[in-house]
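To start, the structure under review is shown below, and the notes come after it.
Here, each number is a calculation from the coordinates, and none is a lab measurement. Quick caveat, the model's predicted, so the values are computed rather than measured. Cβ: placed from backbone, ideal geometry, glycine included. Neighbour counts: every protein chain shown.
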Amino acid sequence: MKPSVLIVEDEEALVTLLRYNLEKESFHVVSAADGEEALVLAKEETPDLILLDWMLPLMSGIELCRRLRRSPGLAKVPIIMLTAKGEEADKVRGLESGADDYVTKPFSPAELIARMRAVMRRTHPAINAEQLAFVDLVMDLAAHRVRRGSRDVHLGPTEFRLLRHLMQHPGRVFSREQLLDSVWGRDIYVEPRTVDVHIRRLRKALNNDHEIDLIRTVRSAGYALDRP
Ligand code: CA
């Protein structure tokens with residue numbers, strides 16, 4: 001599954017360069033040119049990582065970073081600040097505002113991608129894990145197997161991908177549209193209601209009569225994998 005990255009940068013040429021290199025490395029890329037747009041997009045997309053330029057129109061990268069950190073659904077999304085300023089004091093301010101790492105312009109795309117992967121490994125181990133676990137559910141990604149407690153759970157390919165996505169982001173609520181983008185892919189047209197059908201199948205496979213439903217339906221918002 002593609003990790004998603006939000007680029008917040010007003011320099012169009014740099015966005016184009018980053019988008020090209022990140023898509024080549026199988027990232028799903030969205031971009032915003034200012035802080036206001038970035039806040040809206042971040043809430044919509046809940047990206048796996050945010051690349052944030054320091055010098056932005058309307059709202060500085062630092063201010064945006066603070067606001068992202070205060071936003072309930074986004075507080076834990078890793079942020080890498082991009083900046084032309086190499087001053088030690090600025091670096092400290094960037095990290096104090098909640099950024100996870102700091103890259104000074106000019107940088108090579110390869111260097112940035114390596115830093116991104118390192119930050120994601122540190123802050124979001126589930127993205128790179130071989131095995132995912134949640135309460136009594138265990139998913140072995142290499143063997144493509146799912147177990148609940150001591151029994152094997154048999155899932156169709158779509159339910160498997162759906163569960164993997166939920167297990168990679170436990171506790172996070174995803175809208176039907178977000179699940180369609182992440183699990184089915186952006187280029188395929190599927191009715192949002194299809195998500196409900198596959199969630200129903202997934203629940204049926206996961207929950208025996210006596211077992212607690214770990215999938216939470218959030219009215220008019222979507223679904224989350226949650227502790228009962
Ligand atoms: Ca800029």
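Its residue count N sets the reference 2.2 N^0.38 Å, and the alpha-carbon radius of gyration of the chain equals 1.09 times that reference.
Between residue 10 and residue 138, what is the FRET efficiency for a Förster distance of 41 Å, r being their Cβ-Cβ separation, to the nearest 0.05?
Between residue 10 and residue 138 the formula returns 0.40.
Other residues lying with their Cβ under 10 Å from the Cβ of residue 226 contribute a combined charge of +2, Lys and Arg counting +1, Asp and Glu -1. In plain terms, if you count all Cα to Cα distances in the stretch 4-125 and split them into 5 Å steps from zero, the share in each step is 2, 12, 25, 28, 22, 10, 2 percent.
Charged neighbours of residue 140, selected by a Cβ distance under 12 Å, balance to +1 (K, R count +1; D, E count -1). Distant-in-sequence amide contacts of residue 172, defined by a placed amide H-H separation under 5 Å and a gap of 5 or more residues or a different chain, comprise 225. Listed peptides 212-225, 5-18 appear in the order 5-18, 212-225 once ranked by packing, highest mean of other Cβ atoms within 10 Å at the front. When only alpha carbons are used to place a centre, the stretch 146-174 and the stretch 68-122 end up 31 Å from one another. Relative to the dominant Cα principal axis of the chain, helix 35-45 is inclined by about 20°.
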